[in-house]
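Taking it in order: structure first as structure tokens, then the write-up.
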Amino acid sequence: ESPDVTEQYLKSVLRDHPHEVFACLFLDTRHRVIAFEELFHGTIDGATVYPRVVAEKALRHGAAALIAAHNHPSGVSEPSLADQAITRRLKDALALLDIRLLDHFVIGDGRPVSMAARGMPKTTQLASFCASVQAPLLRMASSPWAPSAPIPVRMAPTALRPAVWATE
């Protein structure tokens, strides 16, 4: 449907909770709704969101895309820095699975705030790199000429391996 219908639906189901609730609309390849789920329940001023759980639910529903939303019981719809950070983390994590995060709405007393309409989030450099490497590997793996047995890969000595990759 239209973004206005989506906003109104999300506001109707999330606005009146006395605590923060994080939910997702799971969508198919044509952006039709597969399911709506409230995934995380928090306190009056926060909820812990686990990207792994969101990705697992999206895969279980066979979703190609999703729209995230959460309420602010205070009534203030302005996205916090934590809201922006979790949106980036979700977008990056889902992109590795070829699932698009189309938007993240923050629901308050007024009109819901669309983070996508504000140009948020930007994809991190790590996610861009992983996506650029993933596509050719997937094409090679699905090729009829791909070997049926895994090809052994020799790891570089520990001293030559990169240190931990920071995502934030």
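List, please: which pairs have Cβ atoms under 6 Å, are six or more places apart or on different chains, and start with a residue in the stretch 70-86 that is under 14 Å from P51 (Cα atoms) and end with one that is aliphatic (A, V, I, L, M) and open to solvent by 30 Å² or more (accessible area, probe 1.4 Å)? Filtered contacts from the stretch 70-86: Q84/M120. Restricting the stretch 55-69 to residues that are more than 21 Å from D83 (Cβ to Cβ) and either part of a strand (DSSP E or B) or touching an Asp or Glu at 6+ places or on another chain (Cβ under 8 Å) (or both) leaves a set whose member that is most open to solvent (accessible area, probe 1.4 Å) is G62. Contact map, the stretch 93-116: first residue charged (D, E, K, R), second residue open to solvent by 40 Å² or more (accessible area, probe 1.4 Å) and part of a loop (DSSP other than H, G, I, E, B), Cβ cut-off under 6 Å, separation 6 or more or different chains; pairs are D103/A116. Can you confirm whether the stretch 18-33 contains a residue that is touching a residue at least 60 places away in the same chain (Cβ under 8 Å), assigned to a strand (DSSP E or B) and open to solvent by less than 30 Å² (accessible area, probe 1.4 Å)? Yes, the conditions are met somewhere in the stretch 18-33. Residue check: D45 meets all listed conditions (1) within 17 Å of the chain's Cα centre (by Cα); (2) open to solvent by 30 Å² or more (accessible area, probe 1.4 Å) but one, namely (1).
The values are calculated or read from the model by the stated rules, or taken from the named source; none is laboratory data. Computed from a predicted structure; not experimentally measured. We place every Cβ from the backbone using ideal geometry, glycine too, and count neighbours over all the protein chains shown. To get the accessible areas, we keep the full protein, side chains included, count just its heavy atoms, and leave off ligands, DNA and RNA. Shrake-Rupley method; radii C 1.70, N 1.55, O 1.52, S 1.80 Å.
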